[in-house]
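The values are calculated or read from the model by the stated rules, or taken from the named source; none is laboratory data. Everything numeric here is computed off the predicted structure, so don't read it as measured data. Glycine also receives a Cβ, built like all others from the backbone with ideal geometry; neighbour counts cover every protein chain displayed. The area values use the complete protein model at the heavy-atom level, side chains included, leaving out ligands, DNA and RNA. Shrake-Rupley method; radii C 1.70, N 1.55, O 1.52, S 1.80 Å.
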Amino acid sequence: MNNIYLIGILGVGKTTIGKLLAEKTNMKWVDADVMIVEKGKMPISEMFAKYGEKYFRDLETEVMREISKMNNLIVSCGGGVILKEENVILMRNSGTVLWLQRDIEKVIESVKAENRPLLKDGKEKLYSIFESRKEKYKNAAHYIIDNNKGTDITIKEILAYIK
């Protein structure tokens, strides 16, 4: 089976939904950011601080190339994976891309800014990040999934799409 890629702004539930979806489908779940940390041998925040965002994005693309060669994965992607066209092509050619959406206010309530390099200036930056990326999410996605109704409903919707 092809991969299922979960995309969306940070804090929309890609990790939570990814893990649950893997259980329901007997597919393997992977977190692209965890793979980037393993490849870079340091936390993402340290990569940003030491080498900048470009270094991180290049590592992210290396990881996406590796993932796209595998099968039967549920992949929780980093929020900015859609910033490089190569990543979008890799995902669309090797699986189904699902854009998880959640009200920004709910995301802001749940996110821990101190763990997120792009939010070092405050959680409100999420509004501008989302605005600058939403068209890219839309263009990358095969399907848009509303994750405001609870994880059980979200999982059921996803299962309906991928069958």
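Structure summary
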read-out	value
Single match in Leu20, Leu10, Leu90 (criterion: at negative phi, touching a residue at least 24 places away in the same chain (Cβ under 8 Å) and not in a helix (DSSP H, G or I))	Leu10
Qualifying residue in the stretch 55-65 (condition: farther than 21 Å from Val88 by Cα, among the aromatic types (Phe, Trp, Tyr) and either part of a helix (DSSP H, G or I) or open to solvent by 70 Å² or more (accessible area, probe 1.4 Å) (or both))	no
Residue ID - most open to solvent (accessible area, probe 1.4 Å), chosen from residues in the stretch 2-36 that are of a type in the set (A, V, I, L, M) and over 19 Å from Ser68 (Cβ atoms)	Leu20
Residues of the stretch 66-75 that turn out to be surrounded by 17 or more Cβ atoms within 10 Å (Cβ to Cβ) and either in a helix (DSSP H, G or I) or modelled with pLDDT under 95 (or both), as a count	2
Flag if Glu46 is open to solvent by 10 Å² or more (accessible area, probe 1.4 Å), charged (D, E, K, R), at pLDDT 95 or above and not in a strand (DSSP E or B)	no
The stretch 78-87, subset surrounded by 21 or more Cβ atoms within 10 Å (Cβ to Cβ) and not in a loop (DSSP other than H, G, I, E, B), residue nearest to the chain's Cα centre (by Cα)	Val81
Count of the stretch 28-43 residues which are outside any helix (DSSP H, G or I) and free of Cβ contacts under 8 Å to residues at least 24 places away in the same chain	3
Flag for Leu21 being within 28 Å of Tyr127 (Cα to Cα) and in contact with a Cys (Cβ under 8 Å, 6 or more places away or on another chain)	no
